[in-house]
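**Student:** My questions will all concern the structure given below.
The values are calculated or read from the model by the stated rules, or taken from the named source; none is laboratory data. Keep in mind the model is a prediction, meaning the values are calculated, not measured. Because the Cβ atoms are built from the backbone with ideal geometry, glycine has one as well, and the counts that use them run over all protein chains shown. Side chains are part of the model used for accessible areas, which takes the heavy atoms of the whole protein and leaves out ligands, DNA and RNA. Shrake-Rupley method; radii C 1.70, N 1.55, O 1.52, S 1.80 Å.
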Amino acid sequence: MAANNRRMSGKKGAQVGSGGKRRRGLEGKGPTPPAEMRKGHAKQRAANAKTRRATGRPQQRRGGGRSTSELVVGRNPVYEALREGVPASTLYVQQFIDNDERVREALQLAAERGGINLMEAPRPELDRMTNGLNHQGLVLQVPPYEYAHPEDLVAAAHDEGADPLIVALDGVTDPRNLGAVVRSVSAFGGHGVVVPERRAAGMTAGAWKTSAGTAARTPVARATNLTRALESYQKAGLTVVGLAADGEAELGDLAALDGPVVIVVGSEGKGLSRLVGETCDFRVRIPMPGGAESLNAGVAAGIVLYEAARRRR
(Lines give C-alpha, C1' and ligand atoms only; values in the text may rest on other atoms or scores of the structure.)
Protein backbone atom coordinates (compact mmCIF):
# COMPACT_ATOMS: atom_id res chain seq x y z
CA MET A 1 0.00 0.00 0.00
CA ALA A 2 2.90 2.29 0.80
CA ALA A 3 4.34 1.56 -2.61
CA ASN A 4 1.06 2.45 -4.24
CA ASN A 5 0.94 5.69 -2.30
CA ARG A 6 4.43 6.61 -3.48
CA ARG A 7 3.43 6.03 -7.13
CA MET A 8 0.28 8.15 -6.76
CA SER A 9 1.77 11.02 -4.76
CA GLY A 10 3.82 13.93 -6.00
CA LYS A 11 3.42 15.95 -9.27
CA LYS A 12 0.81 15.05 -11.81
CA GLY A 13 1.79 13.27 -14.98
CA ALA A 14 4.92 11.45 -16.02
CA GLN A 15 8.24 12.60 -14.65
CA VAL A 16 10.67 13.29 -17.52
CA GLY A 17 14.03 14.95 -17.74
CA SER A 18 14.92 18.10 -19.67
CA GLY A 19 16.68 16.18 -22.40
CA GLY A 20 19.69 18.42 -22.01
CA LYS A 21 17.80 21.52 -23.05
CA ARG A 22 18.59 23.45 -19.89
CA ARG A 23 22.28 22.68 -20.17
CA ARG A 24 22.40 23.73 -23.84
CA GLY A 25 20.45 26.90 -23.05
CA LEU A 26 23.15 27.94 -20.62
CA GLU A 27 25.88 27.53 -23.21
CA GLY A 28 24.87 30.69 -25.19
CA LYS A 29 24.76 31.18 -28.94
CA GLY A 30 28.44 31.82 -29.47
CA PRO A 31 30.15 34.78 -31.16
CA THR A 32 28.25 37.03 -33.60
CA PRO A 33 28.74 35.72 -37.16
CA PRO A 34 30.44 37.99 -39.73
CA ALA A 35 28.26 40.31 -41.82
CA GLU A 36 28.61 38.08 -44.90
CA MET A 37 26.83 35.27 -43.02
CA ARG A 38 23.99 37.34 -41.52
CA LYS A 39 20.70 36.90 -43.34
CA GLY A 40 19.48 40.08 -45.03
CA HIS A 41 22.71 42.03 -44.45
CA ALA A 42 23.94 44.13 -47.39
CA LYS A 43 27.32 42.41 -47.33
CA GLN A 44 25.62 39.01 -47.51
CA ARG A 45 23.63 40.16 -50.55
CA ALA A 46 26.81 41.35 -52.22
CA ALA A 47 28.58 38.07 -51.40
CA ASN A 48 25.69 36.05 -52.82
CA ALA A 49 25.74 38.13 -56.00
CA LYS A 50 29.49 37.54 -56.33
CA THR A 51 28.95 33.80 -55.95
CA ARG A 52 26.27 33.83 -58.63
CA ARG A 53 28.60 35.65 -61.02
CA ALA A 54 31.27 33.02 -60.38
CA THR A 55 28.95 30.07 -60.93
CA GLY A 56 26.95 31.50 -63.82
CA ARG A 57 24.26 34.05 -64.48
CA PRO A 58 20.73 33.69 -63.06
CA GLN A 59 18.06 32.04 -65.11
CA GLN A 60 16.66 34.26 -67.84
CA ARG A 61 13.14 35.42 -67.14
CA ARG A 62 10.47 35.89 -69.74
CA GLY A 63 10.10 39.39 -71.12
CA GLY A 64 8.22 42.22 -69.51
CA GLY A 65 5.44 42.24 -72.07
CA ARG A 66 4.74 44.23 -75.20
CA SER A 67 3.45 47.69 -75.86
CA THR A 68 0.72 48.42 -78.41
CA SER A 69 1.54 49.36 -81.98
CA GLU A 70 1.85 53.05 -82.77
CA LEU A 71 1.26 55.26 -85.81
CA VAL A 72 3.52 58.11 -86.86
CA VAL A 73 1.62 60.50 -89.14
CA GLY A 74 2.69 63.36 -91.40
CA ARG A 75 5.46 63.73 -93.96
CA ASN A 76 8.13 65.28 -91.75
CA PRO A 77 7.49 63.02 -88.70
CA VAL A 78 7.52 59.91 -90.88
CA TYR A 79 10.74 60.97 -92.59
CA GLU A 80 12.43 61.79 -89.27
CA ALA A 81 11.35 58.46 -87.74
CA LEU A 82 12.76 56.53 -90.68
CA ARG A 83 15.98 58.52 -90.63
CA GLU A 84 16.48 57.95 -86.88
CA GLY A 85 16.01 54.20 -87.18
CA VAL A 86 12.67 53.93 -85.40
CA PRO A 87 11.42 50.35 -85.93
CA ALA A 88 8.68 50.20 -88.54
CA SER A 89 6.59 47.44 -90.07
CA THR A 90 4.49 49.22 -92.71
CA LEU A 91 4.56 52.54 -94.54
CA TYR A 92 1.11 53.54 -95.81
CA VAL A 93 1.10 55.90 -98.78
CA GLN A 94 -2.02 57.65 -99.99
CA GLN A 95 -3.12 56.82 -103.53
CA PHE A 96 -2.43 59.56 -106.08
CA ILE A 97 -0.37 61.48 -103.52
CA ASP A 98 1.43 64.65 -104.55
CA ASN A 99 4.91 63.16 -104.87
CA ASP A 100 7.03 65.95 -103.35
CA GLU A 101 10.65 65.72 -102.16
CA ARG A 102 9.81 64.64 -98.60
CA VAL A 103 7.59 61.80 -99.84
CA ARG A 104 10.33 60.59 -102.19
CA GLU A 105 12.91 60.70 -99.39
CA ALA A 106 10.65 58.73 -97.05
CA LEU A 107 10.04 56.09 -99.68
CA GLN A 108 13.76 55.85 -100.42
CA LEU A 109 14.64 55.43 -96.72
CA ALA A 110 12.00 52.71 -96.31
CA ALA A 111 13.36 50.87 -99.35
CA GLU A 112 16.97 51.16 -98.15
CA ARG A 113 16.19 49.86 -94.69
CA GLY A 114 14.31 46.83 -95.98
CA GLY A 115 11.76 44.82 -94.07
CA ILE A 116 9.16 47.61 -94.27
CA ASN A 117 5.99 46.87 -96.22
CA LEU A 118 4.84 49.61 -98.61
CA MET A 119 1.06 49.83 -98.86
CA GLU A 120 -1.09 52.14 -100.96
CA ALA A 121 -4.35 53.20 -99.36
CA PRO A 122 -7.15 55.63 -100.28
CA ARG A 123 -7.37 58.83 -98.28
CA PRO A 124 -10.57 57.80 -96.42
CA GLU A 125 -8.80 54.70 -95.13
CA LEU A 126 -5.86 56.75 -93.82
CA ASP A 127 -8.33 59.19 -92.25
CA ARG A 128 -9.95 56.28 -90.45
CA MET A 129 -6.63 54.81 -89.30
CA THR A 130 -5.44 58.12 -87.85
CA ASN A 131 -8.79 59.28 -86.43
CA GLY A 132 -8.81 62.25 -88.77
CA LEU A 133 -5.30 63.56 -88.05
CA ASN A 134 -3.49 65.56 -90.72
CA HIS A 135 -1.44 62.64 -92.08
CA GLN A 136 -0.50 64.39 -95.38
CA GLY A 137 -0.68 61.08 -97.16
CA LEU A 138 2.02 59.25 -95.12
CA VAL A 139 1.45 56.95 -92.13
CA LEU A 140 4.16 54.79 -90.56
CA GLN A 141 3.23 51.84 -88.36
CA VAL A 142 5.62 51.20 -85.46
CA PRO A 143 5.38 47.62 -84.12
CA PRO A 144 4.88 46.87 -80.40
CA TYR A 145 8.04 47.20 -78.32
CA GLU A 146 9.30 44.01 -76.67
CA TYR A 147 10.15 44.93 -73.09
CA ALA A 148 12.70 42.96 -71.11
CA HIS A 149 12.09 41.60 -67.62
CA PRO A 150 13.92 43.53 -64.84
CA GLU A 151 15.94 40.43 -63.97
CA ASP A 152 17.15 40.16 -67.58
CA LEU A 153 19.27 43.27 -67.04
CA VAL A 154 21.15 41.64 -64.16
CA ALA A 155 21.60 38.49 -66.25
CA ALA A 156 23.10 40.55 -69.09
CA ALA A 157 25.63 42.09 -66.70
CA HIS A 158 26.59 38.65 -65.40
CA ASP A 159 27.10 37.48 -68.98
CA GLU A 160 29.68 40.24 -69.37
CA GLY A 161 31.30 39.44 -66.02
CA ALA A 162 30.48 42.98 -64.88
CA ASP A 163 28.72 44.55 -61.91
CA PRO A 164 25.18 45.57 -62.97
CA LEU A 165 24.68 49.28 -63.68
CA ILE A 166 20.95 49.97 -64.12
CA VAL A 167 18.77 53.06 -64.17
CA ALA A 168 15.17 52.96 -62.89
CA LEU A 169 12.73 55.78 -63.64
CA ASP A 170 10.06 56.70 -61.09
CA GLY A 171 7.22 58.88 -62.37
CA VAL A 172 8.96 60.01 -65.57
CA THR A 173 6.20 60.48 -68.15
CA ASP A 174 7.96 62.26 -71.04
CA PRO A 175 9.12 59.74 -73.68
CA ARG A 176 11.92 62.12 -74.68
CA ASN A 177 13.36 61.88 -71.17
CA LEU A 178 13.22 58.09 -71.40
CA GLY A 179 15.01 58.22 -74.75
CA ALA A 180 17.68 60.51 -73.31
CA VAL A 181 18.26 58.15 -70.37
CA VAL A 182 18.55 55.18 -72.73
CA ARG A 183 21.15 57.11 -74.70
CA SER A 184 23.16 57.91 -71.54
CA VAL A 185 22.98 54.30 -70.31
CA SER A 186 24.35 53.14 -73.64
CA ALA A 187 27.11 55.78 -73.66
CA PHE A 188 28.42 54.93 -70.18
CA GLY A 189 28.24 51.14 -70.33
CA GLY A 190 25.02 50.57 -68.39
CA HIS A 191 22.94 47.43 -68.71
CA GLY A 192 19.46 48.84 -69.19
CA VAL A 193 16.57 50.94 -67.95
CA VAL A 194 13.57 49.92 -65.83
CA VAL A 195 10.23 51.74 -66.10
CA PRO A 196 6.96 51.09 -64.28
CA GLU A 197 4.14 49.52 -66.24
CA ARG A 198 1.66 52.30 -65.37
CA ARG A 199 1.79 56.08 -65.30
CA ALA A 200 5.20 56.19 -66.94
CA ALA A 201 6.77 56.88 -70.32
CA GLY A 202 7.12 53.91 -72.63
CA MET A 203 9.20 53.15 -75.70
CA THR A 204 7.23 55.20 -78.20
CA ALA A 205 8.49 56.56 -81.50
CA GLY A 206 9.45 59.76 -79.65
CA ALA A 207 11.61 57.82 -77.18
CA TRP A 208 13.25 55.92 -80.04
CA LYS A 209 14.11 59.17 -81.83
CA THR A 210 15.61 60.79 -78.72
CA SER A 211 17.72 57.71 -78.04
CA ALA A 212 19.47 58.35 -81.39
CA GLY A 213 19.43 54.67 -82.28
CA THR A 214 20.85 53.41 -78.97
CA ALA A 215 17.49 51.84 -78.03
CA ALA A 216 18.32 49.10 -80.52
CA ARG A 217 21.10 47.82 -78.22
CA THR A 218 20.06 49.01 -74.75
CA PRO A 219 17.16 47.04 -73.24
CA VAL A 220 14.24 48.67 -71.48
CA ALA A 221 12.49 46.53 -68.87
CA ARG A 222 9.00 47.08 -67.57
CA ALA A 223 8.10 46.35 -63.93
CA THR A 224 4.57 45.70 -62.73
CA ASN A 225 5.55 47.25 -59.38
CA LEU A 226 8.71 49.35 -59.25
CA THR A 227 9.14 49.06 -55.47
CA ARG A 228 9.05 45.26 -55.60
CA ALA A 229 11.47 45.27 -58.53
CA LEU A 230 13.92 47.36 -56.49
CA GLU A 231 13.55 45.04 -53.50
CA SER A 232 14.30 42.10 -55.79
CA TYR A 233 17.45 43.86 -56.97
CA GLN A 234 18.50 44.37 -53.34
CA LYS A 235 18.09 40.66 -52.64
CA ALA A 236 20.35 40.00 -55.64
CA GLY A 237 23.09 42.10 -54.06
CA LEU A 238 22.53 45.43 -55.83
CA THR A 239 22.58 48.75 -53.99
CA VAL A 240 19.63 51.01 -54.74
CA VAL A 241 20.60 54.69 -54.95
CA GLY A 242 17.88 57.32 -55.27
CA LEU A 243 18.53 60.84 -56.56
CA ALA A 244 16.91 63.51 -54.41
CA ALA A 245 17.49 67.23 -53.99
CA ASP A 246 17.45 66.75 -50.20
CA GLY A 247 19.55 63.58 -50.22
CA GLU A 248 21.64 62.80 -47.16
CA ALA A 249 24.89 62.39 -49.12
CA GLU A 250 26.56 64.07 -52.07
CA LEU A 251 27.20 62.14 -55.25
CA GLY A 252 30.98 62.41 -54.96
CA ASP A 253 30.97 60.79 -51.51
CA LEU A 254 28.99 57.70 -52.53
CA ALA A 255 31.21 54.61 -52.64
CA ALA A 256 28.37 52.31 -53.74
CA LEU A 257 28.77 53.39 -57.38
CA ASP A 258 31.86 51.17 -57.57
CA GLY A 259 29.76 48.00 -57.33
CA PRO A 260 26.43 46.57 -58.48
CA VAL A 261 23.98 49.45 -58.37
CA VAL A 262 20.56 50.68 -59.45
CA ILE A 263 20.22 54.44 -59.90
CA VAL A 264 16.66 55.65 -59.35
CA VAL A 265 15.64 58.93 -60.98
CA GLY A 266 12.33 60.62 -60.17
CA SER A 267 10.30 63.17 -62.08
CA GLU A 268 11.57 66.73 -62.35
CA GLY A 269 8.64 68.16 -60.40
CA LYS A 270 7.78 65.58 -57.73
CA GLY A 271 11.02 63.66 -57.42
CA LEU A 272 10.92 60.15 -55.95
CA SER A 273 7.62 58.74 -54.73
CA ARG A 274 7.39 57.98 -51.01
CA LEU A 275 7.58 54.18 -51.23
CA VAL A 276 10.42 54.21 -53.72
CA GLY A 277 12.34 56.73 -51.63
CA GLU A 278 11.94 54.57 -48.53
CA THR A 279 13.17 51.52 -50.42
CA CYS A 280 16.43 53.15 -51.50
CA ASP A 281 19.59 52.19 -49.59
CA PHE A 282 20.95 55.71 -50.13
CA ARG A 283 19.45 59.04 -51.19
CA VAL A 284 22.02 61.29 -52.79
CA ARG A 285 22.04 64.78 -54.22
CA ILE A 286 23.93 66.25 -57.14
CA PRO A 287 25.74 69.43 -56.07
CA MET A 288 24.67 72.37 -58.24
CA PRO A 289 26.71 75.52 -57.49
CA GLY A 290 24.70 77.45 -60.06
CA GLY A 291 21.61 77.31 -57.87
CA ALA A 292 19.26 75.34 -60.14
CA GLU A 293 16.54 73.59 -58.15
CA SER A 294 16.43 70.42 -60.22
CA LEU A 295 17.58 68.69 -63.39
CA ASN A 296 15.50 66.75 -65.85
CA ALA A 297 15.75 62.98 -65.73
CA GLY A 298 17.99 62.66 -68.77
CA VAL A 299 20.60 65.12 -67.50
CA ALA A 300 20.57 63.80 -63.91
CA ALA A 301 20.98 60.20 -65.05
CA GLY A 302 23.82 61.18 -67.38
CA ILE A 303 25.77 62.86 -64.56
CA VAL A 304 25.50 59.88 -62.21
CA LEU A 305 26.26 57.36 -64.98
CA TYR A 306 29.39 59.28 -65.88
CA GLU A 307 30.54 59.22 -62.25
CA ALA A 308 29.86 55.48 -62.03
CA ALA A 309 31.70 54.78 -65.30
CA ARG A 310 34.69 56.89 -64.17
CA ARG A 311 35.06 54.88 -60.99
CA ARG A 312 34.83 51.54 -62.79
CA ARG A 313 37.75 52.16 -65.15
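**Student:** Stick to the Cα atoms of the stretch 122-193, pair each with every other, and give me the Kirkwood hydrodynamic radius in Å at one decimal.
**Tutor:** Computed over the stretch 122-193, the radius equals 15.3 Å.
**Student:** Please identify every one of the trypsin sites (Lys or Arg not before Pro) in the stretch 193-295 that sits in a loop by DSSP and has no more than 11 other beta carbons within 10 Å of its own beta carbon. Don't jump to the answer; show the numbers that get you there.
**Tutor:** Working: sites: R198, R199, K209, R217, R222, R228, K235, K270, R274, R283, R285; in loops: R198, R199, R217, K270.
Passing sites in the stretch 193-295 are R198, R199, R217, K270.
**Student:** When the convex hull of the C-alpha atoms of the stretch 224-269 is computed, what volume per residue in Å³ does it have? Before the final figure, lay out the partial values.
**Tutor:** On the way: hull volume 4.0 nm³, N = 46.
Once divided by residue count, the hull of the stretch 224-269 is 86 Å³.
**Student:** Select from the stretch 231-283 those GluC sites (Glu not before Pro) which occupy a DSSP coil region and have at most 12 other Cβ atoms within 10 Å, ordered by residue number. Present the calculation step by step, with values, prior to reporting the outcome.
**Tutor:** On the way: sites: E231, E248, E250, E268, E278; in loops: E248, E268.
Hits after loop and neighbour filter: E248.
**Student:** Hey, got a sec? Which trypsin sites (Lys or Arg not before Pro) in the stretch 93-181 land in a DSSP loop and have at most 13 other Cβ atoms within 10 Å?
**Tutor:** On the way: sites: R102, R104, R113, R128, R176; in loops: none.
Sparse-neighbourhood loop trypsin sites (Lys or Arg not before Pro): none present.
**Student:** Show me, bin by bin at 5 Å from 0, the whole-percent P(r) of the stretch 81-236 based on Cα pairs.
**Tutor:** Per 5 Å bin, starting at 0, the Cα pair percentages come out as 2, 9, 16, 17, 15, 12, 10, 8, 6, 3, 1, 0, 0.
**Student:** Sticking with this one: How much of the pair distance distribution for the stretch 239-299 lies past 19 Å, counting alpha-carbon pairs only, in percent?
**Tutor:** Values: 456 of 1830 pairs.
In whole percent, the share of Cα-Cα pairs in the stretch 239-299 beyond 19 Å is 25.
**Student:** So what does M119 come to for accessible area, using a 1.4 Å probe and Å² rounded to 10?
**Tutor:** 90
**Student:** With Kirkwood's inverse mean 1/r over C-alpha pairs for Rh, give me the Rg to Rh ratio of the stretch 169-249, two decimals please. If you can, show how the numbers build up before the last one.
**Tutor:** Numbers: Rg = 13.0 Å, Rh = 13.4 Å.
Dividing the radius of gyration by the Kirkwood radius yields 0.98.
**Student:** Check A168: other-chain or 5+ apart residues with amide H under 5 Å from its amide H, H built from backbone geometry?
**Tutor:** V194, I263, V264, V265
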